[in-house]
Each structure stands twice: as C-alpha cells, then as structure tokens.
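For reference, the structure is listed below as structure tokens.
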Amino acid sequence: MTREDIFNGVQDIFRDIFDEDDLIVNDRTSSDEIEDWDSLNHINLVSAIEKEFHIRFALGELQTLKDIGAMIDLMEEKLT
Amino acid sequence: MNEYKLSNIKIGLEESFSVVIDSSKLDKFLDISNDLNPLHVDNSYAKEKGFDGRVVYGLLTASFYSTLVGVYLPGKYCILQSIDTQFLKPVYIGETLTIAGKISYINAAYKQIEIQATIVNQNGQKVSKATIKTGLIDE
C-alpha cells in the first residue's frame, strides 16, 4: 500500500466522520483547522482508521501526533 | 449492575435483558417528550392507518439501548457516546422485548468500545437494531 493509498483512505474517513463529501485535507491539516474535530471525533477518527486499515494504535503513539501527515507516517510504518 | 472494565471486555462478549411494554410507559414518555402524534396516542387513528393499535415510540424502545450499555454492557463504567439506530418493525403495547448487545470492536488506546445491538419481540422478530459507541471510565 502506497502513502497515497493511505492518504486517500484517510481522507475518505475524514469526509465520513465530519459529514463533508468535499472535505480536502493535507499533511499539515490539524485539529485547529477543522471546527468539529473535538476529542470525541478524534476518538472516532482513530477507531475508523484502525478498523479500515486493520491496525492498532497505542495511546503513546497517538499523543505525539501533530497533524495528518504524522498520522499517515505512523500508519505507513505499521502497514509495511 | 455489571461492572465490566476494559481489561475484561473481549470481542464477542454478549449481554441481554427483557422488558414488557405496558401503556404506562407510553404515557410517561408522552409526558417527557410531549410527542402528541396520534399514531402513538390514538388507537383508532393508528388502526385507520393500518397498524394493530397505538405504535410505541421508537425512541422509547431505543431508550433501552441506554439501559443495555449503562447497566449491562459494560455497565457501571459506561459513558455513552453515540447510538446509530434503525426502527425495523412497529412495536405495540403488551409486547415483550429482548434487548441484546455484543461487543464488536475495542479501541484500547482511547477506551472506546462498539456494540452491535438488537431489539427482538416475543415472536423473534427484530424490531430495531443499533450500533452503539461508548467510552469506559473505569480508572
């Protein structure tokens, strides 16, 4: 799975969770830029990513993530 | 009341309970919600529209999803986050409903669990189904 594949899958998850079909995210997108990205939706995002990509995160891994790019980097490590 | 913690919850864990729907429950729900729709309060109107009688409020039956997670699975340490539900068949006064839930997913990092739940009537017909997400405040 390429980084682009991962990114596209993550973008679809963001569109689903935030109920915006045309939402565009990029590597630098963070919770500061999406109004509804609160703590509960953050949990829902992580759960959706775990289920879609069949991976599991530890709390320590998630606490250091600053933006979507960092999340995708972590996912890439787990998927290769 | 059950007291499941994250450490003793596994995928596939199930709990269920049953309840009889009597007219007093509809009256109390009406008092709380003020939903005066005749389908729920007027027996003749409901029959005219093709139902067997007053239709039990969908959200009254769905309120038992709250009981399912708050009392049974996981119970005491539950904090309800979302319920995505569908109402599949009408429910009538006098029916016995069995509410059941099964753990389908565990997010260990954030202590969130997902429960696939159903409500089945005394004839074995599924009247409602739901996907429920709850957190666990067990520490």
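Every read-out reported here was derived from the displayed coordinates using simple, explicitly stated rules and does not represent laboratory data. On a predicted model such as this, the values are computed, not experimentally measured, just so you know. A quick note on method: Cβ atoms are made from the backbone with ideal geometry, for glycine too, and the neighbour counts reach across all protein chains shown.
Scan the range B:1-20 for residues that are in a strand (DSSP E or B) and loosely packed, with under 12 Cβ neighbours inside 10 Å and jot them down. So that I can check it myself, show each step before the final result.
Kept after step one, since they are in a strand (DSSP E or B), are these residues of the range B:1-20: B:3, B:14-20.
Within the range B:1-20, B:Glu3, B:Val20 meet the criteria.
If you take the residues in the range B:84-107 that are in a strand (DSSP E or B) and of a type in the set (Val, Ile, Thr), which one is surrounded by the fewest Cβ atoms within 10 Å (Cβ to Cβ)?
Ranking the qualifying residues of the range B:84-107, first place goes to B:Thr96.
Tally time: how many residues in the range B:108-127 are within 14 Å of chain A (Cβ to nearest Cβ), in a strand (DSSP E or B) and either over 12 Å from B:Lys10 (Cα atoms) or touching a Gly at 6+ places or on another chain (Cβ under 9 Å) (or both)? I'd like the intermediate steps shown before the answer.
Pass one, the range B:108-127, residues within 14 Å of chain A (Cβ to nearest Cβ): B:108-116.
Restricting the remaining residues to those that are in a strand (DSSP E or B) gives B:112-116.
With either over 12 Å from B:Lys10 (Cα atoms) or touching a Gly at 6+ places or on another chain (Cβ under 9 Å) (or both) added as a condition, the list becomes B:112-113, B:115-116.
Of the residues in the range B:108-127, 4 are within 14 Å of chain A (Cβ to nearest Cβ), in a strand (DSSP E or B) and either over 12 Å from B:Lys10 (Cα atoms) or touching a Gly at 6+ places or on another chain (Cβ under 9 Å) (or both).
Are any residues in the range B:36-79 of a type in the set (D, E, K, R) and either outside any helix (DSSP H, G or I) or in contact (Cβ under 8 Å) with a residue 12 or more places away in the chain (or both), and if so, which ones?
Scanning the range B:36-79 gives B:Asp42, B:Lys49, B:Asp52, B:Arg54, B:Lys76.
Does B:Gly135 satisfy being assigned to a strand (DSSP E or B) and small (Gly, Ala, Ser)?
Taking the combined requirement at face value, the residue satisfies it.
Which one of these does B:Asn43 not meet: (1) in contact with a Lys or Arg (Cβ under 6 Å, 6 or more places away or on another chain); (2) of a type outside the set (Lys, Arg); (3) loosely packed, with under 13 Cβ neighbours inside 10 Å?
Failed condition: (3).
So which residues in the range B:66-88 are within 16 Å of B:Ile106 (Cα to Cα) and touching a Gly at 6+ places or on another chain (Cβ under 8 Å), if there are any at all?
Correct list: B:Val69, B:Leu73, B:Cys78, B:Ile79, B:Leu80, B:Gln81.
Which of the helices (runs of 4 or more DSSP H) contained wholly in the range A:7-80 include at least 2 residues that are free of Cβ contacts under 8 Å to residues at least 60 places away in the same chain, within 14 Å of chain B (Cβ to nearest Cβ) and within 23 Å of B:Ser82 (Cα to Cα)?
Qualifying helices (runs of 4 or more DSSP H): A:39-53, A:59-63.
Tell me, yes or no, whether the range B:69-83 has at least one residue that is on the phi > 0 side of the Ramachandran plot and surrounded by 13 or more Cβ atoms within 10 Å (Cβ to Cβ).
For the range B:69-83, residues on the phi > 0 side of the Ramachandran plot and surrounded by 13 or more Cβ atoms within 10 Å (Cβ to Cβ): present.
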